[in-house]
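Down below is the structure, laid out as structure tokens.
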Amino acid sequence: MTQASKHYPHHIDLQPVMQVQGTVKLPGSKSISNRTLLLAALAEGKTRIMDLLASDDTMVMLNALNQLGVHWEQDGDTQNYTVEGAKGHFPKHQADLFMGNAGTAIRPLVAALAVLGGDYTIHGVHRMHERPIGDLVDALNEAGAQIEYTGNPGYPPLHIRRGHVHAQRLQVKGNVSSQFLTALLMAAPLMVREHDVTIEVIGELISKPYIEITLNLMQKFGVTVERDGWQAFTVKTGQHYVSPGVIHVEGDASSASYFLAAGAIAGGPIRVEGVGKASIQGDVRFAEALEKMGVTITRGDNWIEASSNGTLQAIDMDFNHIPDAAMTIAVAALYANGTTTLRNIASWRVKETDRLSAMATELRKLGATVEEGADYMKVTPPVEILPATIDTYDDHRMAMCFSLASLDGHARRGATMRINDPKCVAKTFPDYFEVFARINHKDLF
């Protein structure tokens, strides 16, 4: 738990709010933060990372790098860090690493450790041991790594021994999590000392914008990846990671979704700073979904603003490209004028919790009619949103999403929301509820 989350009680009661307005400076992106930390650790030279996300998930990565002998320093009480690169290897070849429930940390780190070799044990919280990693492990072991399951096959915990990754061509399934491909891509430059390495994607690749983030950051650290559409990615021999010197972490586009949706529901305008037209994150496309719902969106290079004057329009949309931000649409659908359908969201089931089931359960508490399928959800809003006690399933996005149901919209009024276990937001946004209170112009407690 981060320091910022410790003061939260067991629950928070959010009273109905008539209007929201203001500007929010977003915390750093989790996806960019943890990728950048690992790349900086593997690079040649020192990297100064500006505006790193302060959260449980980034602390997991920082602690793991420390145990692996990578030296880093925080600049006072700022979120600026300096990481001393280890030039393509980790100084310590034996470690017991606790990865919490941080998918963005465990998956790329497993690939890097498997390629570099050593004697490493990797484990996390109970939910992490329910989140699949088999496709990544299979790809690595078939290439010569030695990774063993010490619990249920296909899931952490893992024991990584010294193997010899020699394959010039690796294959990985793309339909469960894009993080498996990200992990192999980030580890590929560690394999290319003797020959080029090509990674082939088997089947449909989900969450493609997250791969764009990976490729963009690898290029900033001096490695160019050649691509054949979304089916094959090649890293040419002779490349290695080199520090860019200074790198800035964008604001978290997934976190932006809650505030943009607040502006959509309760009038706004709400402006988020830290992402905009120049963002490398796919989740900025959440704003396009709001536009389809009738919301007025304006964009600058480093900001996005949302405002609305009327009822939200129900939409039927494929959200495969922005699965995390799509959760926010499911709650915004409470204020729409008909049934909203979210399609191609099967990856929700293997996140911090089974988000399809959890969202359906909690939306029904508010009076919504919900149809839950294997990879889709249909939300029909109630005549009146009911007060409810929301269970959060130790999932930060559940807590942040359902805060929005306290807002008064044009079509229906918000209701009192009791959010259980609010401290779970520490995973990505430790002071979320304070920031939410500021745009509501209300005290939190």
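The values are calculated or read from the model by the stated rules, or taken from the named source; none is laboratory data. Small disclaimer: the values here were computed from a predicted structure and weren't measured. So basically every Cβ, Gly included, is an ideal-geometry build from the backbone, and we count neighbours across all protein chains shown. Accessible surface areas use protein heavy atoms only, side chains included; no ligands, DNA or RNA. Shrake-Rupley method; radii C 1.70, N 1.55, O 1.52, S 1.80 Å.
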With the 1.4 Å probe rolled over protein heavy atoms, region 28-109 has an accessible area per residue in Å² of 34 Å²
In Å³ and rounded to a whole number, note down the convex hull volume per residue for the Cα atoms of the chain.
-> 121 Å³
Calculated from backbone phi, Karplus (6.51, -1.76, 1.60) coupling profile of region 393-406 in Hz, x at Gly/Pro = 6, 6, 10, 4, 6, 5, 5, 6, 4, 6, 4, 5, 6, 8
Exposure rank, largest accessible area first [Asp301, Asp138, Asp57; 1.4 Å] = Asp301, Asp138, Asp57
Taking the highest mean first, how do the peptides 39-52, 74-87 order by number of other beta carbon atoms within 10 angstrom per residue?
-> 39-52, 74-87
Table column - 3J(HN,Hα) (Hz), region 354-361, Karplus curve with 6.51, -1.76, 1.60, x for Gly and Pro = 6, 5, 5, 5, 5, 4, 4, 4
Express the relative contact order of region 389-445 as a whole percentage, based on alpha carbon pairs under 8 Å and six or more residues apart in sequence.
-> 34 percent
Keeping the other protein chains in place, figure out the carbon and sulfur percent of the accessible area of region 99-212, with a 1.4 Å probe.
-> 46 percent
Could you rank the peptides 165-172, 228-235 by their average count of other C-beta atoms within 10 Å per residue, with the highest value first?
-> 165-172, 228-235
Lys, Arg +1 and Asp, Glu -1 on Cβ, resulting dipole of region 1-144 about Cα centre, debye, nearest 20 | 220 debye
In terms of modelled amide H atoms, which long-range or inter-chain residues lie less than 5 Å from the amide H of Gln79?
-> Asp51
Any idea which of Ile345, Pro381, Val331 is furthest toward the positive side of the dipole for region 329-411, if Lys and Arg beta-carbons carry +1 and Asp and Glu beta-carbons -1?
-> Ile345
0 to 90° range, to nearest 10: angle between helix 253-266 axis and the chain longest Cα axis | 10 degrees
What list of ³J(HN,Hα) values in whole Hz, one per residue of region 286-294 in order, does the Karplus curve 6.51 cos²θ - 1.76 cosθ + 1.60 (θ = phi - 60°) give from phi, with Gly and Pro shown as x?
-> 3, 4, 5, 5, 5, 4, 5, 7, x
Val295 accessible area, 1.4 Å probe, all protein chains in place, Å² to nearest 10 = 10 Å²
Quote the charge dipole size of region 311-408 about the Cα centre in Debye, to the nearest 20; the model charges only the Cβ of Lys and Arg (+1) and of Asp and Glu (-1).
-> 80 debye
The answer for the net charge of residues other than Gly69 whose Cβ lies under 15 angstrom from its Cβ, with Lys and Arg +1 and Asp and Glu -1, is -2
In debye, nearest 20: dipole of region 50-115 around its Cα centre with unit charges on the Cβ of K, R (+) and D, E (-)?
-> 400 debye
Write down the percent of antiparallel bridges among all DSSP beta bridges whose residues are both part of region 84-204, to the nearest 5.
-> 40 percent
DSSP-defined antiparallel bridges as percent of all bridges, region 287-429, nearest 5 | 65 percent
Over the chain, the sum of -39500 (n - 2.57) across DSSP H runs of at least four, divided by residue number and rounded to 500 deg cm²/dmol, gives at 222 nm -8500 deg cm²/dmol
